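Read the structure below first, then the notes.
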Number of protein chains: 6
Amino acid sequence: MRILVVNVNTTESMTESIAAQARAVAAPGTEIVGLTPFIGADSVEGNFESYLAAIGVLDRVLAYDEPYDAVVQAGFGEHGQEGLKEVLEVPVVDITDAAAHLACLLGYRYSVVTTLDRAVPLIEERLMLGGVADHCASVRASGLGVLELEGDQDVVLAAITDQAVRAIKEDGAEVLVLGCGGMAGLDAAVREATGAPTVDGVAAAVKLAESLVNLGLKTSKVRTYAPPRPKTVVNWPLHRLLQR
Amino acid sequence: MRILVVNVNTTESMTESIAAQARAVAAPGTEIVGLTPFIGADSVEGNFESYLAAIGVLDRVLAYDEPYDAVVQAGFGEHGQEGLKEVLEVPVVDITDAAAHLACLLGYRYSVVTTLDRAVPLIEERLMLGGVADHCASVRASGLGVLELEGDQDVVLAAITDQAVRAIKEDGAEVLVLGCGGMAGLDAAVREATGAPTVDGVAAAVKLAESLVNLGLKTSKVRTYAPPRPKTVVNWPLHRLLQR
Amino acid sequence: MRILVVNVNTTESMTESIAAQARAVAAPGTEIVGLTPFIGADSVEGNFESYLAAIGVLDRVLAYDEPYDAVVQAGFGEHGQEGLKEVLEVPVVDITDAAAHLACLLGYRYSVVTTLDRAVPLIEERLMLGGVADHCASVRASGLGVLELEGDQDVVLAAITDQAVRAIKEDGAEVLVLGCGGMAGLDAAVREATGAPTVDGVAAAVKLAESLVNLGLKTSKVRTYAPPRPKTVVNWPLHRLLQR
Amino acid sequence: MRILVVNVNTTESMTESIAAQARAVAAPGTEIVGLTPFIGADSVEGNFESYLAAIGVLDRVLAYDEPYDAVVQAGFGEHGQEGLKEVLEVPVVDITDAAAHLACLLGYRYSVVTTLDRAVPLIEERLMLGGVADHCASVRASGLGVLELEGDQDVVLAAITDQAVRAIKEDGAEVLVLGCGGMAGLDAAVREATGAPTVDGVAAAVKLAESLVNLGLKTSKVRTYAPPRPKTVVNWPLHRLLQR
Amino acid sequence: MRILVVNVNTTESMTESIAAQARAVAAPGTEIVGLTPFIGADSVEGNFESYLAAIGVLDRVLAYDEPYDAVVQAGFGEHGQEGLKEVLEVPVVDITDAAAHLACLLGYRYSVVTTLDRAVPLIEERLMLGGVADHCASVRASGLGVLELEGDQDVVLAAITDQAVRAIKEDGAEVLVLGCGGMAGLDAAVREATGAPTVDGVAAAVKLAESLVNLGLKTSKVRTYAPPRPKTVVNWPLHRLLQR
Amino acid sequence: MRILVVNVNTTESMTESIAAQARAVAAPGTEIVGLTPFIGADSVEGNFESYLAAIGVLDRVLAYDEPYDAVVQAGFGEHGQEGLKEVLEVPVVDITDAAAHLACLLGYRYSVVTTLDRAVPLIEERLMLGGVADHCASVRASGLGVLELEGDQDVVLAAITDQAVRAIKEDGAEVLVLGCGGMAGLDAAVREATGAPTVDGVAAAVKLAESLVNLGLKTSKVRTYAPPRPKTVVNWPLHRLLQR
């Protein structure tokens, strides 16, 4: 089985660390292919960049010309998965949804700890659209920008853990979700620091994608995600424009 | 005052009819500028095309280099307004939100009559995200594609009115909303046929945009729609790419 | 166009300041008529007074015998608009609803700052009934009674701003709504003090009423607001009783 | 114990039948006093009349000068109970709320069968405001006006039963609520015809009022229903005006 | 009338104090029979014990071989009432539901003060399932275990009152609910300490059970609580097993 | 890895078919152990039997004395998982929750097709408690009892497919969930008949349990599912009683 794990930003090193996290949890026989968009921001921290990412991810997947079995969109709280689901046949799993689904199985309420305060509304809306907001106790910001997550790991961990502890004490969280693709690999440390099960979205998405593929389940084509109707689309896909 | 009214699809004739509808209701002294994206589909009827439209509209507005006071996004149930709000200083009004807000003032419950069944979920989600879903009785599909709206107007009106009447009788609607930018101008006929006040989104959005401008109200820059953080964005904006 | 702006309490000076605020934002050609009920309390700060106001406003409008195009009910969180909508042909806009509708267009979440704590439930319920509660982050009380709003403006502004800042920092508000007709005219100062767009209900209602009139939209008579059935009503209207 | 049972309309014969229903279920030692407002409509079937009733009931209770232990407001889905709660010390029970509370104890979902379609929104809103809407499967209209309920009882029963059966079959109702004070006494017949427990609001309210009095429980004066603040109220109460 | 009041735990002294509280509020002519399960924990403070209680209570009621008119399940936030409703003909009233229903009649919002933090989710879920969560401002834990409630009453009262005061000041509660069968009898003291009406679940349930019986209302057998279908059930009821 | 798959009823043949379904989807290296309770009904079709199942499943798991890595509770819409989560260290996955979680990933809305109408409320409540009800379009009953599912497979399939098609056409379902453990193995046929992805709960639960185990994720012990407090529990566990 081959799973495309697509970063939402254009920072190659982040694609690599995301792919590494994916490989660490993939089943034997699952090949992980990390992809970086050709267009977009080096970090996605708001709606403008998130909409660019929606198109950047879609464009990047369409440019990939080998067969594959599932796609993981590796951005937390970002736009775009509905477009992928419409265009593709294979299952598409967003890391936000994936983390929330597993978190629901593990406790009464979960909280998300993300990067900047401005990302909180995007995540709240994504959880609502994904149908998994009911058990969300809170979405909290660590105050760290996406690219700062690659800095001193002690500082990063302290900022995340601080909010995680508050989520447990003040918001009633029993499970934690790491709310950024760039936090991949920190779950064990946060779990140890807080005593609460901690879900990493990339890892969760890979296991859910594998599960769907193993069960032969694909995105429904009944209505919302039926293939686009045939029509004229100008100046698309972008990777062809870029090659001119 | 100058208001940019941006079509979400790339069909120029539709831009023109939308702009005409806008001009028909604009106050004396309001200039309406109709804009068509450089990229995207000739009609938007699903998530793939809607995400393209989000970027196409944003790109088109950024390419406009005269001053303006407000932007109307003239697509029903489409993605993208949050990106515009982040990037721009002036008010941004989506025709979906605008129609729903006015409809709430006119009766206990309103229904939307749109084009295809597959557009229903996008509209339901947009109303929810806009905070105006509580009084929505139903979103109904006429079965007409966007471009079919430019066909025989008797057929078009009959299909819309049929669903409008059902919304009133079966769903408890007391107010109707025309759920497609391409339905601009049909409101009077639907109102006459059903006896219920009928809101056209383009008209509603123009009046709301004028109201905000007159009251000196702009999009909040406090958190969600603060300007994007400075960062590297590659291959953007698209209109520069296209000019190469 | 003539708009009746009806105060909910019997304090004439407050009617005048509300009408002045309405005139300040009205379009050229819009005539504002301020009305004061013949019955009721000099300030409305609870359910007893609010129900009196519902009848007092209705009675006062029925006593007005010139033509008019719309009615604005200038009380925040008060009862009564449904009765007006039933009895009248022209649009009726409540300042609570109006402010909330515009606030939804300007940011992710809005908060209301009102007078006394006991008014909070009335406002919460009115927002819920108006279908605009979803994006309300909080309703906060400044602790000032309605008539205290006419006192030292520095003190008044400080009390309102204090709660507005908390709404932004603690509740996630991005837009502010001034939650009392008696706060008309303070919006600019609160906006300056907080950096957040601040909506005054009277101003918002006047622009929405003008918009509805310009678009030819009236209250639906389909079901809820159909004219009252013919029947015997004793000792009504009150202004005739008072003239005996 | 003395309970005031206040009709919301000005039809004396209806007050009498409501009081008779109340007496039929009252405990030994409970005295029922039926009251009719001095102002208002002979039947309440919409918002205008309901707001008049709110004031009419309040005024009538204030005119009653003997001691009493509780008040039952005998109108289904009407405005006004919040004003009574503010002004009075003793418990106030609305028949809408009372019926819904008991219905929740008896099955998974309940439906209300009321008079005219235009009354449905008022009832839906009252159940929501009362905090008892979650288990409401539907509010259905029999098509009978309030005063028609005093007509041929076979016709009346057939119309109510028809909707009750649909509520069970189509909406999932397991319990029925008779949605009009004028239906008092029909509960046994509807129960027999449908096989579902059927709650009459007047009966329910009397038992709940007795329960509260027996337990020494009164309306909270902590915030919302604290006594009105001292202030100038002109031309109130109405019964004094009428005596001039 | 005979009402069975069934304790959820196996501590006889608690059964007695619950029955005493029930008797204190019962009408003349109502006989209260206190029952203790043959199986289960000496205090119920979590899901494991609550599920045991569900079966323990059911088994205990089935072992009771005299006639009775209603059953009160005297555990706060516990599982099981749906099973009783299915198996029995007579009304079944849970003390959680009962307290919440009466609390809704007395103020805008109520809060529950219970024992341990781990009981909070069970109570929140029970209120949601009972359809009475909408007006719940908060469920707060006093930190006292169930059996600690029988200790020094000054300490107990102080711990409960502390949370009750916070519920009023911080959560907007206007009415209090004592969230444990073991708190029976403390309502007067909490009311005096806080100034807010305070509802005891056992007392509330007894009055509601009496009301239902007096009105001739029984659990609906229409769907959810229809009698169990005839089938093979092995090793049940437990009291027969225990007698072997 | 060893997963216990526990049937909720006492019909051994159903345990075997459930275990067979589990084995069919389990990863290489996953051992499936099917368990049947010692107490309870031969089919679970209501609350009484479901509460018995809650205790029967718990008792059966406690009687299993080999090591294991996860537990699957194989009953649709049944009580009990919260008790298992409290008592056990390993992950517990209920088939209702599991199916709903996967269904959310595959389309905009899903519907459940279950056995009898009386099971519908139990499933609705379980989905709500599991935090996965938001995207549920409907729960529909095929009219077949649990044990009838082992009858003529053409009849069974026709009854299920009939409701599945209605769910798609009338309720907006895009994904189907088979709402009974006894429907294990019918997913492929329903998918073929309807064109919609069809999720079997047992299969879904096995893959989710494997995923959690592979990711090292266990039930949170932070609050709700902390181990029961040490206390006296009489006549428990049942399997010891039965051995007497």
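Values quoted throughout were computed directly from the atomic coordinates according to the rules given, and no laboratory measurement underlies them. Quick caveat, the model's predicted, so the values are computed rather than measured. Cβ placement follows ideal geometry from the backbone for every residue including glycine, while neighbour counts extend to all protein chains displayed.
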So what is the relative contact order of chain F, in percent, for Cα pairs below 8 Å that sit 6 or more residues apart?
22 percent
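Mind ordering D:38-46, A:15-23 by average Cβ neighbours within 10 Å, highest first? Don't skip to the end; give the middle numbers.
Details: D:38-46: 23.9, A:15-23: 20.7.
With the highest mean Cβ count within 10 Å placed first, the list reads D:38-46, A:15-23.
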Using a cut-off of 18 Å between alpha-carbon atoms, which aspartates and glutamates can reach residue A:231, once sequence neighbours fewer than 8 places away in the same chain are excluded?
A:59, A:86, B:12, B:42, B:45, B:49, B:78, B:117, B:148, B:150
Inter-copy label distances at residue E:16 (7 Å, Cα→Cβ; nm, one decimal)
5.5, 5.6, 7.6, 7.6, 9.4
Need the C-alpha centroid separation for the stretch E:117-147 versus the stretch B:1-65, integer Å.
51 Å
Run through all the Cα pairs of the protein assembly as shown and give the fraction in each 10 Å bin from 0, expressed as whole percent.
1, 8, 16, 21, 22, 18, 10, 3, 0, 0
Counting only Cβ atoms, what residue of chain B lies nearest to the axis that sends chain B onto chain D, and how many whole Å off?
B:170, 7
Could you estimate the translational diffusion coefficient of the stretch C:146-244 from the Stokes-Einstein equation, with Rh from the Kirkwood formula over C-alpha pairs, at 25 °C and 0.890 mPa s, in whole µm²/s?
143 µm²/s
Students often forget the sequence filter, so: which lysines lie under 28 Å Cα-Cα from residue B:207 once same-chain residues fewer than 8 apart are removed?
B:85, B:218, B:221, C:85, C:207, C:218, C:221
For chain F, report the % of Cα-Cα distances exceeding 33 Å.
14 percent
Calculate, in nm to one decimal, what residue F:162 and residue F:31 gain on full extension: separation in residues at 0.36 nm each, minus their alpha carbon distance.
43.6 nm
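As an exercise, find the ratio Rg/Rh for the stretch A:96-201 from alpha-carbon atoms, using the Kirkwood inverse-distance average for Rh. Could the numbers behind the result be given before it?
Details: Rg = 12.1 Å, Rh = 13.1 Å.
Rounded to two decimals, Rg over Rh is 0.92.
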Sorted shortest first, the nm distances from the residue A:117 label point (7 Å along Cα→Cβ) to its counterparts in the other copies are 2.6, 2.6, 4.6, 5.0, 5.4
Cβ neighbours within 10 Å from other chains - mean over C:183-193
1
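Taking every residue in A:8-21, how many Cβ atoms of other protein chains lie within 10 Å of its Cβ, on average?
Numbers: counts 0, 3, 5, 1, 0, 0, 0, 0, 0, 0, 0, 0, 0, 0.
Going residue by residue through A:8-21 and averaging, the value is 1.
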How far apart are the residue C:171 label points across copies, placing each 7 Å from Cα toward Cβ, in nm, shortest first?
1.9, 1.9, 3.2, 3.4, 3.8
Test of understanding: in a Gaussian network model of chain C with alpha carbons linked when under 10 Å, which of C:128, C:14, C:183 would top the mean-square fluctuation ranking?
C:128
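For Cα pairs less than 8 Å apart in space and 6+ apart in sequence, what is the mean separation divided by the residue count of the stretch E:96-200, i.e. the relative contact order in percent?
Rounded, it is 34 percent for the stretch E:96-200.
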Label-point gap, in nm, between residue B:155 and residue D:150 - each point 7 angstrom along Cα→Cβ:
5.8 nm
Using a Gaussian network model on chain B with a 10 Å cutoff between Cα atoms, which of B:222, B:234, B:33 fluctuates the most?
B:234
